[in-house]
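Before any comments, here is the structure.
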Amino acid sequence: MKADGTALRRGLRAATCLVAAVAALAVAACGDDDDEGSAGGGGTTAPAETQSSDAGTSTNAGSEAITDFQAYVGGKAGKASGTPIPIGWVNNDGAAQGPIPEATRVAKATADYVNEELGGIDGRPIKLVTCFVASAEEEGQKCGQRFVNDSAMKVVNVGVMIIGNESYHAQIKGQKVTIFGVANSPADLGAQNTFALNGSTEYVLGPFGTYLRDKLQAKTGAMVFNQAPGVISIAQAAKKGIEAAGIKVKSVGFDPQTTDLVGPVTAAGSQTADVLLPVTDTPNCINYAKALKSAGLESKPVLSAPLCLAPPVGKALGDLPQWTYGIAQELPTDLSNPTVKAYSDAVVKHGAKPEDAGNVFSALAFADLMATAKVMNEAGADASAEELGTAFKDFKGPVIMGPPSLQCGKYPKAPAVCNDQSQFYDYKGKGKFVKVASWLRPPNAG
């Protein structure tokens, strides 16, 4: 029983981290829960040095840096007063999938920032009402019931929720607007009055195919993935997006307990493939890099979601792998980016730790709550949940540190998805990143 529980815990941890990986750079998140002294979750790295490069494949050249947060949210500057406006906050804080308290701390700091400096919403302060899902699907029901019973609450923000989703939506039934950064559960994608501003796993992995086709002119790929709960579907989504670009992908899974990945790397045809595609958790990013070295494949092009940029990887290998990484957000530890710097300064001033600000979930929490304040200021604090749902559906962005434009409801099978864009960075070593493509869409995007 103990062994089975450990495997499940690691699988849920892997699924949580991979959701983060397709959302944004996980430089300061998601170490192995069994690794003593790892930098996962609370670790930090030196600010990244980022340079721009025209990849010639972008369908959107990007957007101007957002640093005037007062102008972004609207309203009158200064301290908010009057009757508080409750906004729900759900987060997987604790237990099997690993605590994500950084996102909650930044969400609270963001609410304080809006209340103390940006005039709140229509001049009234935000009251963040928290509810945490730790380890059981049924816990989502508890949060849903609590929020439904609060007649003054119109909007719920989600930090990260990969368990409890179905029971949550079964209680909410669209009575409150629910805002995700990146959604993963099928229950989220079809839920009424639900909006994933940065997209979902499948749709932000789709641009990987566009990048490989247009930038690398790749024809074949070798994918190796961790067969843990939640990871298999992510690997399938990545494979689907890449094959939609006309690239043939051979995909090989491996047992989550495996440490020697030379066999799966070889079985996937990595020796002859144009590009290598790891889809795995943090410890196996290390094992994958070691396998490439053992097989003499270190010089092959590698395209990864950014989970492999987690601090334990760099610590184990001496530096982070010099691969290409696709992300659906700006690098949240890149303090040379004016928007990232302004965000970090704001939340640290209001109680968050600097290392909290570098966490991928924290950056999403800030961006989502700021977008919520913006939309509610525009619609009016007294707007109904139905009216606010319409306003969010019509919201075209931009999202702070996120996609420059949104189109909620673009995909009939996943109406909650508001974004299908990602951008790409080459890591050059010693903390230096070079942007090689900005905000690409999937190869079959309309």
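Overall form of region 326-446: oblate. Here a/c, set by the Cα gyration tensor axes a ≥ b ≥ c, is 1.5 or more, and a/b is not larger than b/c.
Bridging of residue 239 to lysines at a Cα separation below 17 Å is possible for 219, 248, 250, once same-chain residues fewer than 8 apart are set aside. Among 180, 147, a tally of other beta-carbon atoms within 10 Å of each Cβ gives an order, fewest to most, of 147, 180.
Among the listed pairs 215/430; 127/435; 176/374; 300/430, those whose Cα-Cα separation exceeds 29 Å are 127/435. Take the alpha carbon gyration tensor of region 364-418, find the square roots of its eigenvalues, order them as a ≥ b ≥ c, and report rounded if a/c is under 1.5; if not, report prolate when a/b exceeds b/c, else oblate. Oblate is the answer for region 364-418, as a/c is 1.5 or above yet b/c matches or exceeds a/b.
Here residue 353 is the anchor, and the lysines within straight C-alpha reach of less than 18 Å, apart from those fewer than 8 places off in the same chain, are 108, 341. Residues 69, 361, ranked from the fewest to the most other C-beta atoms within 10 Å, line up as 69, 361. Once you reduce region 280-322 and region 347-423 to the center of their Cα atoms, the two points are 32 Å from each other. The residues packed around residue 82, meaning those with a beta-carbon under 15 Å from its beta-carbon, carry a net charge of +1 if Lys and Arg are +1 and Asp and Glu are -1.
Restriction of the GluC sites (Glu not before Pro) in region 199-306 to DSSP coil positions whose beta-carbon has at most 16 other beta-carbons within 10 angstrom yields 298.
Give me the lysines in straight-line cross-link reach of residue 173: C-alpha distance below 16 Å, same-chain residues under 8 apart excluded. Here the lysines satisfying the reach criterion relative to residue 173 are 142, 154. Relative to one another, the C-alpha centroids of region 208-279 and region 103-182 are positioned 36 Å apart.
Going by neighbour counts of Cβ atoms within 10 Å, the residues 85, 162, 232 line up, fewest first, as 232, 162, 85.
Each value in this text was obtained by applying a stated rule to the coordinates, not by laboratory testing. Small disclaimer: the values here were computed from a predicted structure and weren't measured. Positions of Cβ are generated from backbone atoms using ideal geometry, with glycine treated the same way; all protein chains shown enter the neighbour counts.
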